[in-house]
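Please treat every number below as a calculation from the coordinates, not as lab data. Being a predicted model, the structure only gives us computed values, none of them experimental. All Cβ positions, even for glycine, are placed from backbone atoms using ideal geometry, and neighbour counts span all protein chains on display.
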Amino acid sequence: MSNLLEISQVSKYFGDKHTRRCVLSNVNLRVQPGEFVCLLGPSGCGKSTLLNAIAGFIKPESGLISVNDQRVSKPGPDRGFVFQKNSLLPWMTLDQNVGYGLKIQGLSKEKIRNRVDHFLDLVGLLGYRKSFPHELSGGMQQRGSIVRALITNPKVLLMDEPFGAVDAQTRIILQEMLLGIWAQVGITIIFVTHDIDEAVLLADRIVVMGVNPGHIKEIFDVSLKRPRSADSTFLDEFREIKLRVLRSIREETDKLMIAV
Amino acid sequence: MAVTASSGTTQTPSTATVSRRGASVRRLLTTHGGSLSRRGFSLLFFLCLWQILSVLKVNFIINFQFVPAPTAVFSAFISFVQANPWIHLQSSIFRVICGFTAGSILGIAIGLLIGSSHLVEELLATPLELLRPIPAVAWIPLAILMFPNAEIGMFYITFVGAFYPILVSTQKSVESSLSDLLMIRVGQCLGASYFQLFRDIIIPSSLPGISAGLVIGMGNAWFCLVTAEIIAGKYGIGYKTWESYVISEYPPIVMGMILIGLLGAFSSQMILFTTNKMMPWRQISKGTL
């Protein structure tokens, strides 16, 4: 099977010529269609930078990123993005937000409406279609952002700590909801998080990233059987993987401590 | 002293009613329903103070000897109303509407362009910035010389008043919308073209700032009306005010000032009301933070 996402020899520097600093060094990664990959690592490991590069928000100095054999040079609708928080446009109602990508594509009002209703139903927000974002809870806003990104049928869904700003109970609900949608839609997901439990629960593969400079340190396969739910976190296998990932990350955080 | 004289005459609570009065005053200051009565009370208090100061012809730092009392202003208003006021109101309102409309169309259009394009900014910003600090009154001679008739000169002066606040606030809010990377990335990820980004993201997120510019611009247009109508020659509230000053008739001056204030406040409120209707999505939590 061909790769859906291919990242080869990607390096990225920040700063001008005096403060120049390498944030990603020689990153290589291949992702299969339908795979759920979590990028995990301590802050400063470049996981969000890598995601932004896949999205096309920033350009790496060297290397190549391609999605579906198309070289990434700028943001585009083939890559859906779910931001950390507050990314629904405040001046649009929920249904306008979710349908915005379809409106851009020039679909008819009726088609947009049908598709928006279908996707809002998928995340249990049909009753809130005419609400403005500020009238919705943080969890509802994130559900809205997820379906807004999914509605245009992107090849890959890029998620940047999407549940980092919601409370623990809501996070579990959102994680299970995401797993359900992923199974139903069959989309490829690249998910950035710093929460090990979240990564083990969601991912097929966990890409642990290291610091100074940001690089891929180790990749773990998570063979935990699906469908998974919050209950899966109590399985021995879950704990065993979590421990291995934890140790790997620990080496990186220790490096940060010494550096300080 | 002026202030003690007034407070002595307006607040004379007798000892027997002090506690009851205290309670009602507290209610007036704290309850939500008291909001309207608080506003009414402050207006009444201000008018009483003014009446007293002018009747007593107080002359301490500020000289009230020639300041007409509210009652005199009111009789000036009555005689103004009896002598065909509509012709003055009509001319003034028409001038303000013309100046404001032209000011908002050009102010918003140029503001959007300067705010979003370096090239347009480099081409237009410098001359506009140099002209901006020039007060309306300084434009009078040129306005007379440049335009075919006085009417257009007056449009121009009210236009200048409305144009700049609208221009600057539009430009600044477009710049700050453009610096909001998150919102722009949202649009880019969904495949929005530059035009779509502008229409669906930059302009809506700049609306609160543009609206503020429109409210200030409307106020400024009225502000410049008296200046503009110095060259009127016949009709207009500003002209009436200026003419009364020239012939040393004081009550109509104050009446003209108050009329302009009222019309200006009213039209600014209309702009505020209309633009707020366009932004039902805004969440304003004043005093609840």
Within the set A:K12/A:K217; A:K47/A:K74; A:K59/B:K172; A:K217/A:K255, which residue pairs have Cα atoms separated by over 23 Å? A:K59/B:K172
With viscosity set to 1.567 mPa s at 4 °C, what whole-number translational diffusion coefficient in µm²/s follows for the stretch A:127-260 from Stokes-Einstein and a Kirkwood radius over Cα pairs? 79 µm²/s
By the Kirkwood definition, with r running over pairs of different Cα atoms, the stretch B:43-83 has a hydrodynamic radius in Å of 10.9 Å
Taking the alpha-carbon distance from A:K103 and a cut-off under 20 Å, which lysines remain once sequence neighbours fewer than 8 residues away in the same chain are dropped? A:K111, A:K130, A:K155
So, counting K/R as plus one and D/E as minus one, what does the shell of residues with Cβ under 12 Å around A:P75 add up to? +3
Note on chain B: contact order normalised by length, alpha-carbon pairs under 8 Å, 6 or more apart, percent, works out to 20 percent
If I model a spin label at A:D69 and A:L256 as a point 7 Å from the Cα along the Cα→Cβ vector, what separation in nanometres do I get? 4.0 nm
Tilt, helix B:150-178 to longest principal axis of chain B (alpha-carbon atoms), in degrees rounded to tens, equals 60 degrees
Pick out, from B:S268, B:W281, B:I231, the residue whose Cα sits farthest towards the positive end of the charge dipole of the stretch B:223-289, with +1 on the Cβ of Lys and Arg and -1 on the Cβ of Asp and Glu. B:W281
Computed over all unlike Cα pairs, the Kirkwood hydrodynamic radius of the stretch A:152-198 in Å stands at 11.4 Å
Take every Cα pair under 8 Å in the stretch A:5-259 that's 6+ residues apart, average their separations, divide by the length, and report that relative contact order as a whole percent. 26 percent
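Residue by residue through B:179-188, how many Cβ atoms from other chains fall within 10 Å of the Cβ on average?
So the per-residue partner count for this stretch is 5.
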On the formula 1/(1 + (r/R0)^6), with r taken between the Cβ atoms of A:R21 and A:L243 and R0 of 45 Å, the FRET efficiency rounded to 0.05 is 0.90
So, for the Cα atoms of the stretch B:77-278, Rg and Dmax in Å stand at 19.7, 68
Extended-chain gain in nm, criterion 0.36 nm per residue less alpha-carbon gap, B:S285 and B:E121: 55.5 nm
Suppose R0 equals 30 Å; then what is the FRET efficiency for B:L130 and B:T101 from their Cβ-Cβ distance, rounded to the nearest 0.05? 0.75
Sequence ranges A:148-160, A:244-256, ranked by mean other-Cβ count within 10 angstrom, highest first: A:148-160, A:244-256
Just the Cα atoms of the protein assembly as shown, one point each, no solvent: what log10 I(q)/I(0) does Debye give at q = 0.05, 0.11, 0.13 Å⁻¹? -0.37, -1.02, -1.25
Average other protein chain Cβ within 10 Å of Cβ, residues A:75-82: 4
If R0 is 35 Å, what FRET efficiency do you get for B:V81 and B:L36 from their C-beta distance, rounded to 0.05? 0.85
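Sorting A:E240, A:E161 on the 10 Å Cβ count, fewest up front, what's the list?
In increasing order of surrounding Cβ atoms, one gets A:E240, A:E161.
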Where Rh is the Kirkwood radius over the Cα pairs of the stretch B:73-112, the temperature 25 °C and the viscosity 0.890 mPa s, what D in µm²/s does Stokes-Einstein return? 202 µm²/s
How much space per residue, in cubic angstrom, does the convex hull of the C-alpha atoms of the stretch A:5-259 take up? 136 Å³
Please figure out what share of the DSSP beta bridges in the protein assembly as shown is antiparallel and state it in percent, rounded to the nearest 5. 55 percent
Relative contact order, percent, the stretch A:175-260 [alpha-carbon distance under 8 Å, six or more residues apart]: 28 percent
Dividing the convex hull volume of the alpha carbon atoms of the stretch A:85-162 by its residue count, what do you get in Å³ per residue? 87 Å³
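Against the globular-protein guess of 2.2 N^0.38 Å, express the Cα radius of gyration of the stretch A:1-135 as a ratio, rounded to two decimals.
Compared with the compact-globule rule of thumb, the stretch A:1-135 sits at 1.29.
In what sequence, highest mean first, do B:36-45, A:219-228 appear when ranked by Cβ atoms within 10 angstrom?
Ranking the peptides B:36-45, A:219-228 by packing returns A:219-228, B:36-45.
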If we sort B:140-147, A:15-22, A:138-145 on the protection proxy, mean other Cβ atoms within 10 Å, highest first, what's the order? A:138-145, B:140-147, A:15-22
If one takes the longest principal axis of the Cα atoms in chain B, at what angle in degrees, from 0 to 90 and to the nearest 10, does the Cα axis of helix B:86-116 lie? 40 degrees
